[in-house]
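The values are calculated or read from the model by the stated rules, or taken from the named source; none is laboratory data. Since the structure is predicted, the reported quantities are computational estimates derived from the model, not experimental observations. Because the Cβ atoms are built from the backbone with ideal geometry, glycine has one as well, and the counts that use them run over all protein chains shown. For the accessible areas, the whole protein counts, side chains as well, though only heavy atoms, and no ligand, DNA or RNA atoms are used. Shrake-Rupley method; radii C 1.70, N 1.55, O 1.52, S 1.80 Å.
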Amino acid sequence: MQLTGVQARILPDAEAVADAALGIMLAAAEEAIGARGVFRIVLTGGSTPLLAYRKLAGASAHWADWHIYHGDERCLPSEDAERNSRAADETWLLQVPIPREQVHAIPAERGAEAAAAAYEPIVAAALPFDLVLLGMGEDGHTASLFPEHEIRPGPLVMPVHEAPKPPPERVSLTPSALCRTRRMLVLVTGAGKRPAMHRWLAGEGLPVARVAVGGNALVLLDEAATPQLEH
Ligand code: 6PG
């Protein structure tokens, strides 16, 4: 399957996607820590990555050198079950000894504008990332970059209002930040993502397509999300 400007690997199912993502994340960490003494990874929200996060909870790694960032966050109280930071904590980050001062949650409970402003210097100090993880919504969004939403050039972090995926108020890294990375992985699983994958294959300028090209991404998708090849 040929996606313009990115590589794609089709795997049998979500478990295989999570296993492949685990292997790539651990290898990227070893390489970064060996070369620079630190591994800076941006996490995606949503449900797709949770299988891989649970596998990381049982993995062995040089956790003391991992620095965690988030690609986006929902403007909800910090302990809300729908927060991306809460999901990553519960499935993985609270089960491994990454120093908590190295886990950089987006303070989205402060509201979109204040949180974006507060997170901007944290992202600026972290660039370039070593690995950016992304998902894809059924409309082709990634992080909280939605179709038809303006993305101003310049900022690394932006407030998001009226997001079509609830909650409406969010904070997102922009392509300027997401694409400043040594590696990028996009995880796509499930039949619900097939129409967006079809649109991506057809060359539509979806947010995920734009970011994936900019980040020279590897897309890991399962067969359920893979459009049936036109015959
Ligand atoms: C979010 C995510 C979002 C997610 C996609 C896919 O905050 O919702 O960051 O970009 O990656 O919507 O979500 P699923 O993995 O749940 O399908």
*For the range 20-31, does any single residue satisfy the condition of being within 16 Å of the ligand (Cβ to nearest atom), surrounded by fewer than 18 Cβ atoms within 10 Å (Cβ to Cβ) and charged (D, E, K, R)?*
no
*Within the range 105-152, how many residues turn out to be under 17 Å from residue 209 (Cα atoms) and in a loop (DSSP other than H, G, I, E, B)?*
15
*Is it the case that the range 131-151 has a residue that's within 27 Å of residue 37 (Cβ to Cβ), out of contact with any strand residue (DSSP E or B) (no Cβ under 8 Å at 6 or more places or on another chain) and surrounded by fewer than 21 Cβ atoms within 10 Å (Cβ to Cβ)?*
no
_Need pairs with beta-carbon distance below 6 Å; first residue open to solvent by 50 Å² or more (accessible area, probe 1.4 Å) and within the range 72-88, second near the ligand (Cβ under 10 Å from one of its atoms) and part of a strand (DSSP E or B); sequence gap 6+ or separate chains._
82/74
*Please determine, by comparing only the residues of the range 174-186 that are part of a strand (DSSP E or B) and touching a Phe, Trp or Tyr at 6+ places or on another chain (Cβ under 8 Å), which one is least open to solvent (accessible area, probe 1.4 Å).*
181
_Taking the condition of being closer than 24 Å to residue 171 by Cα, away from the ligand (no atom under 11 Å from the Cβ) and either open to solvent by 30 Å² or more (accessible area, probe 1.4 Å) or at pLDDT below 95 (or both), how many residues in the range 32-71 meet it?_
2
*Taking residue 97 and the conditions (1) part of a loop (DSSP other than H, G, I, E, B); (2) of a type outside the set (Asp, Glu); (3) touching a residue at least 40 places away in the same chain (Cβ under 8 Å), which numbered condition does it fall short on, given that it satisfies the others?*
(3)
_Members of the range 156-165 found to be more than 12 Å from the ligand (Cβ to nearest atom) and either surrounded by fewer than 17 Cβ atoms within 10 Å (Cβ to Cβ) or farther than 21 Å from residue 180 by Cα (or both), listed by number_ = 161, 162
